[in-house]
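Notes follow the structure.
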Amino acid sequence: TGCLKGTRTAVLDEIELWTRDFNKPPVYWLNGLAGTGKSTIAQTIAERIFADGQLGASFFCSRDFEDRRSLHFVFPTLAVQLARKYTEFRSIFVPLVQSDPAIAYESLYNQMKKLIVEPLEESAISTVIVIDALDECKDVEPASAILSVLGQFVSEIPKVKFFLTGRPEPRIREGFRIPLLVEATDVFVLHEVESSRVDGDIRLFFRHSFSGVTDRRGGLDDWPTEEQLDLLCERAAGLFVYAVATVKLIDHRNKNPKKQLDRLLQLPKSTVYEGKAEFKENTTLDSLYASILQEAFGNNDLEDDPMVRSVLGAVILAANPLSPSAIGALLGCDAEDVFPLLSSVHSLLILQGDINQPVRPFHKSFPDFIVDPTRCIDQRFRVSPHNHHMELLTGCLNLMNQTLEKNMCKLPDAVTNSEVPDLHERIKRYIDPGLQYACKSWYKHLIDEHTARTLEITSALHRFLENKFVFWLEVLSVLGTAREAVDALDVVTKLLEVCQVFTLDLANDCFRFVTGFFEVIEESAAHIYHSALPVSPQISLVWKLY
């Protein structure tokens, strides 16, 4: 959601003035630490300039979703939005893509040049483009790849403004230090705003939120007190994410809000890391997150702790958000047990009231906290990425080995996927979300050679390739994600090559089959049997097995 009315007025007014003044630099960086409200401000700015007709396109990066953390989706997405909004842009863009559809897979430099800069230059459109949370894109360059490309072209499209947000991480800072961008960028450092102004906004947010709690619950006269609000604002230390999590914690549907607030304010003000954290927000948030976990699970039997870590690990490490029912399927436990566990820490999550709806962290600072041994000091709750990626990989392989079978969607014989009018309904009926996730994402949890060397993994992987390989291709085909098979087998063959395990020959043969018959697999699950297997080499392991 956007900013609460009456909050963040100074920064919003400054950004709005910048969007209208073309004498000011064409790039604006809203720089802020985790939890300072960057994305909320970006959402508000996007809404306001959309209402004024100035917004050309926007991309809100998110590490929770694969397509929103991939750099290669940013420029094509922005270009399509610009083409939808401006007829002048569309008349240039559509013929370009028709003549060169592979442009979406080219380098970032070529994408921006051909899809964004040249059509904008030729059409002379004046517009604003918003890109939020640049730090959440997967980027291996020492200086942000998006910023490096932007720096090379921004001077060629003077009528276009770019509003960007991101934490001041090293590669983002380095990106904005590129000489071509330094002079072209205005910077607003959100965590350096005068504390009294931010505290006033946070106090207004608390008042508004608690007023809603009072209206819904009743029996909460003169609550909270001014002293309690003072304490909450002091604890928040300028972080809106703290305020949001606090309200979610206090407004738990099964708890008394007064008692929840009293209990929260009796907790220690900070963790033992006071004064030692790299950024001040770690101290504030660590204390809150630790107390929420302690209250939810601190009195549990120790034997319940592995389940807590496994479920939280699935939420934190999933390649795309999973529902409680899908988490249960992958971990081999009952979804009815998963949902209450997640409900206990609902203030840390975006959790619907339905076990089939995806769940994800409500803010990226929580995953950062729970995987860091210097911050999440209670081992009972800490998630080990290595251990829990391996657990998810095992769960995916086991689920596929147990449930995949030929023609899962009961398709007519020898049809292409596009010839099945009710394909979407068949997928929904026959392939549950947990299995869909396993088929598309199992290899993304195969993160290192050590995991690939594990006997449990190599055995499950060999069983999978030996018994379920073409059924897996069927599922990817009907889901429209056949490319995942290429990526998965590429990862597997490289890791197995290093490990020298017996599954390597089979994996290589599967890889050759997928790349050799990719177009068939992509177009038709049924034709894997009619047009691919019959003409594959009879000496191949895939032909012999299937």
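The values are calculated or read from the model by the stated rules, or taken from the named source; none is laboratory data. All values derive from a computational prediction rather than experimental measurement. A quick note on method: Cβ atoms are made from the backbone with ideal geometry, for glycine too, and the neighbour counts reach across all protein chains shown. With ligands, DNA and RNA removed, areas are computed over all heavy atoms of the protein, side chains included. Shrake-Rupley method; radii C 1.70, N 1.55, O 1.52, S 1.80 Å.
Pairs meeting the criteria (first residue in the stretch 146-175 and in contact (Cβ under 8 Å) with a residue 60 or more places away in the chain and more than 20 Å from Ala34 (Cα to Cα), second residue buried (at least 17 other Cβ atoms within 10 Å of the Cβ) and among the aromatic types (Phe, Trp, Tyr), beta carbons under 9 Å, at least 6 apart or on different chains) are Ile146/Phe75; Leu150/Phe162; Val154/Phe162; Lys161/Trp18; Lys161/Tyr28; Phe162/Tyr28. Determine whether the stretch 416-433 contains at least one residue that is more than 24 Å from the chain's Cα centre (by Cα), within 28 Å of Pro324 (Cα to Cα) and open to solvent by less than 10 Å² (accessible area, probe 1.4 Å). Within the stretch 416-433, not a single residue is more than 24 Å from the chain's Cα centre (by Cα), within 28 Å of Pro324 (Cα to Cα) and open to solvent by less than 10 Å² (accessible area, probe 1.4 Å).
Among the residues of the stretch 9-35, those identified as open to solvent by 20 Å² or more (accessible area, probe 1.4 Å), out of contact with any strand residue (DSSP E or B) (no Cβ under 7 Å at 6 or more places or on another chain) and part of a loop (DSSP other than H, G, I, E, B) are Asp21, Phe22, Asn23. Whether a residue is touching a Leu at 6+ places or on another chain (Cβ under 9 Å), under 19 Å from Pro306 (Cβ atoms) and among the hydrophobic types (A, V, I, L, M, F, W, C) was assessed, and Cys376 passes this test. Among the residues of the stretch 175-215, those that are more than 27 Å from Leu229 (Cβ to Cβ) and under 28 Å from the mean Cα position of the chain (by Cα) comprise Gly175, Phe176, Arg177, Ile178, Leu181, Thr185, Asp186, Val187, Phe188. Checking the structure you have, find out if any residue of the stretch 244-255 is in a helix (DSSP H, G or I), open to solvent by 40 Å² or more (accessible area, probe 1.4 Å) and free of Cβ contacts under 8 Å to residues at least 60 places away in the same chain. Scanning the stretch 244-255 turns up no residue that is in a helix (DSSP H, G or I), open to solvent by 40 Å² or more (accessible area, probe 1.4 Å) and free of Cβ contacts under 8 Å to residues at least 60 places away in the same chain. Counting the residues of the stretch 381-406 that are assigned to a loop (DSSP other than H, G, I, E, B) and open to solvent by less than 50 Å² (accessible area, probe 1.4 Å) gives 4. Scan the stretch 383-405 and tell me whether some residue there is farther than 17 Å from His445 by Cβ, touching a Pro at 6+ places or on another chain (Cβ under 7 Å) and in contact (Cβ under 8 Å) with a residue 12 or more places away in the chain. Checked the stretch 383-405: no residue is farther than 17 Å from His445 by Cβ, touching a Pro at 6+ places or on another chain (Cβ under 7 Å) and in contact (Cβ under 8 Å) with a residue 12 or more places away in the chain.
Yes or no, residue by residue, for (1) touching a Ser or Thr at 6+ places or on another chain (Cβ under 8 Å); (2) outside any helix (DSSP H, G or I):
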site: Gly56; (1), (2): yes, yes
site: Asp64; (1), (2): no, yes
site: Arg68; (1), (2): yes, no
site: Arg90; (1), (2): no, no
site: Val94; (1), (2): no, no
site: Gln98; (1), (2): no, no
site: Ile116; (1), (2): no, no
site: Glu122; (1), (2): no, no
site: Ile125; (1), (2): no, yes
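Go through the stretch 103-124 residue by residue and tally those that are open to solvent by 10 Å² or more (accessible area, probe 1.4 Å) and more than 24 Å from Ser39 (Cβ to Cβ).
13
What do you reckon, is Pro340 more than 17 Å from Ala245 (Cα to Cα), part of a helix (DSSP H, G or I) and out of contact with any Asp or Glu (no Cβ under 9 Å at 6 or more places or on another chain)?
Details: more than 17 Å from Ala245 (Cα to Cα): yes; part of a helix (DSSP H, G or I): yes; out of contact with any Asp or Glu (no Cβ under 9 Å at 6 or more places or on another chain): yes.
In short, yes.
All told, Asp505 meets the bar of being free of Cβ contacts under 8 Å to residues at least 40 places away in the same chain and touching a helix residue (DSSP H, G or I) at 6+ places or on another chain (Cβ under 8 Å).
The lone criterion from (1) surrounded by fewer than 24 Cβ atoms within 10 Å (Cβ to Cβ); (2) closer than 19 Å to Asp67 by Cβ; (3) modelled with pLDDT of 95 or more left unmet by Val130 is number (1).
Residues of the stretch 133-150 that are assigned to a loop (DSSP other than H, G, I, E, B), crowded, with 20+ Cβ neighbours inside 10 Å and touching a Gly at 6+ places or on another chain (Cβ under 7 Å): Ala133, Ser144. Summed over the stretch 151-175, the residues that are assigned to a helix (DSSP H, G or I) and open to solvent by less than 20 Å² (accessible area, probe 1.4 Å) give a count of 5. Using the structure shown, decide if Gly298 is closer than 21 Å to Ala245 by Cβ and open to solvent by 20 Å² or more (accessible area, probe 1.4 Å). Against the criterion (closer than 21 Å to Ala245 by Cβ and open to solvent by 20 Å² or more (accessible area, probe 1.4 Å)), Gly298 does not qualify. In this structure, Phe153 does not satisfy being under 24 Å from the mean Cα position of the chain (by Cα), modelled with pLDDT of 95 or more and either over 30 Å from Lys114 (Cα atoms) or not small (Gly, Ala, Ser) (or both).
When you look at Val198, is it in contact (Cβ under 8 Å) with a residue 40 or more places away in the chain and touching a Gly at 6+ places or on another chain (Cβ under 8 Å), yes or no? When the stated conditions are applied, Val198 passes them.
Glu281 satisfies every condition listed in (1) assigned to a helix (DSSP H, G or I); (2) of a type outside the set (S, T, N, Q); (3) modelled with pLDDT of 85 or more except (3).
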